[in-house]
1. Would you work out if the range B:244-304 is rounded, prolate or oblate? Take a ≥ b ≥ c from the square roots of the eigenvalues of the alpha-carbon gyration tensor; rounded if a/c is under 1.5, else prolate when a/b is larger than b/c, oblate otherwise.
2. With r as the distance between the Cβ atoms of B:Q260 and B:Q45 and R0 = 22 Å, compute the FRET efficiency 1/(1 + (r/R0)^6) and round to 0.05.
3. Can you check what the net charge comes to around B:L66, using other residues whose Cβ is under 13 Å from the Cβ of B:L66 (Lys, Arg +1; Asp, Glu -1)?
4. For q values of 0.05, 0.08, 0.09 Å⁻¹, compute log₁₀ I(q)/I(0) with the Debye formula on a Cα-only model of the protein assembly as shown, without solvent.
5. Rounded, prolate or oblate, given the Cα gyration tensor of the range B:154-286, with a/c below 1.5 counting as rounded?
6. Return the FRET efficiency for the residue pair A:D16, B:D247: r is the Cβ-Cβ distance, R0 is 41 Å, and the value is rounded to the nearest 0.05.
7. In the Gaussian network model of chain B, springs joining C-alpha atoms below 10 Å, which of B:S117, B:S239, B:S93 carries the largest mean-square fluctuation?
8. Only sites in a loop by DSSP and with at most 12 other Cβ atoms within 10 Å count here; which trypsin sites (Lys or Arg not before Pro) in the range B:171-231 make the cut?
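Taken together, the values in this text are just the output of simple stated rules run on the coordinates, not laboratory data. Worth saying up front: this structure is predicted, and the values here are computed from it rather than measured. Glycine gets a Cβ as well: all are built from the backbone with ideal geometry, and neighbour counts include every protein chain shown.
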Amino acid sequence: MSPRPIDPSVLRLDDDGVTLLGGWSPSSGLRHFPASPVCPFTGADDIEPVDLPRTGTVWLHTTVTLAPPGYLGPVPYGLGIVELDGDPMLRVVSRLSGDGLARGAPVHLEGEELPGPDEEPSVTWVFRT
Amino acid sequence: MSDVRITGVGLHPFGRFGELTGTAMGVTAVRAALSEAGITARDVQAAFCGTAYGGVAAGHRVLSALAGTGIPIIDVEAGCASGGAALQLGAASIASGRYDRVLVFGIEKMPKGIIRSSFFAPWQEAAGLSPAPAFFALRAQRLLVETGLTAEHLAQVVVKNRRHGVANPDAMFRKAVTAEEVLASRMICPPLTLFMLCSPNEGAAAVVLERSGTGVRLAGISLRSHLPGNVLGEDSPLSGIDDSAIDPPTTLAARDAYAQAGLGPDDLDVVECQDTDAARELLAWSELGLCPDGGQAAVLAQGDADLGGRLPVNPSGGLLSKGEPLGASALGQVVELVRQLRGTAGDRQVDGARVGLAHVIGRGANACVTVLVA
């Protein structure tokens, strides 16, 4: 079975790997994730789909040491917030991985295989140093 | 706001009570509050019940056990602020002129471990993007980075609240801890250790509200949710923008409640605030205007927030000592403050307390701030 995204509305899998599917409002000039019916920051009703950048820097990070309910993947794992490259700034919640995780560390987007809600393999996103 | 008085309060202790039902705990708290007010359940005109995990018609079950049905009985869910939401609705139902006497209570019997919430989509849980302690930890990281506070300061909050909790017979944890013990306890999500996080548990609290008369005055109450934009908001969005100019919901609610009461932070004598984790309390201090941004270290160093200090915070021991039964926690704070303002808080009495503030915040992005005046 070919890999499938953990939720097809938030990410796409193709020859480029993983892409985060965001939204962009021309009138507010703001991007967001995942794509929303209206701009979640201003309410502007002019959303266009946009592929989000694959690179950014770590803003905040922690480690999850106990598996939360509904999660069947490995622990511990990194969790944090990445400031995506591009202007204006967009902060995205993400799994984090790799050596040297620290505030300001450059990270790039990758796919990570995890059991999905139906316990079958699926792919989510991770930002790696 | 019009003259709404709290004429009776009651509590079922917070903790773990085996097979005891949430309904039974609610009955205990409600009967105590009704008894203080000198009435029975048949004498109230409406009832508002805060609960998140209580299930269908949880409040009705309590009133039914007390022969108090026939009136409107409304369950209210607003995450950790459920009891605050119920209190605001109860107060508004009197202020509107519709009722003269209502019952407000909160009950909870929570599962153990990390709270599972239907708030998250199944895929978010499967992706590991739902653990509440991790989001608390990220907020704590931000506080430390932006203010220069350290894990030692977080530990000092736990030491303070656990020391206060020793004098509270209704608390779950009544043993003082040292900063070393806090820092050495199990690391859950850096920088938060086990002792820096409150425990979900069980309990109930109740108040009777009446139009005018005697009793502690409910001078201000406001429930607010997050403005859009903050990625660390309690509604756990997956993205956010620069939030430096966006007021957090606690600040919004405090501004409303202070304005209603015609009072400000300088008028307060005692505060009960949300200490889901130690950093959450430190954040609340600045959001409520109790200290300037970054002023928390000085407050801790001077012992200002300790019992006997300039403005004691969480003399009950806070959620770090009591645990957090979601629907009951906000009203538990109100019960504590009413006892403080009556001068009946025993070994944890804040001398001469006349004005108190209660604060909760949680899932659903709701913050509730209540101002009470003796």
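1. Note, shape of the range B:244-304 comes out oblate.
2. Efficiency computed from Cβ-Cβ geometry: 0.45.
3. +2
4. These q points yield log10 I(q)/I(0) values of -0.19, -0.50, -0.63.
5. Oblate.
6. After rounding to 0.05, the efficiency reads 0.55.
7. Looking only at B:S117, B:S239, B:S93, the largest GNM fluctuation is found for B:S239.
8. Those satisfying the criteria are B:K175, B:R186.
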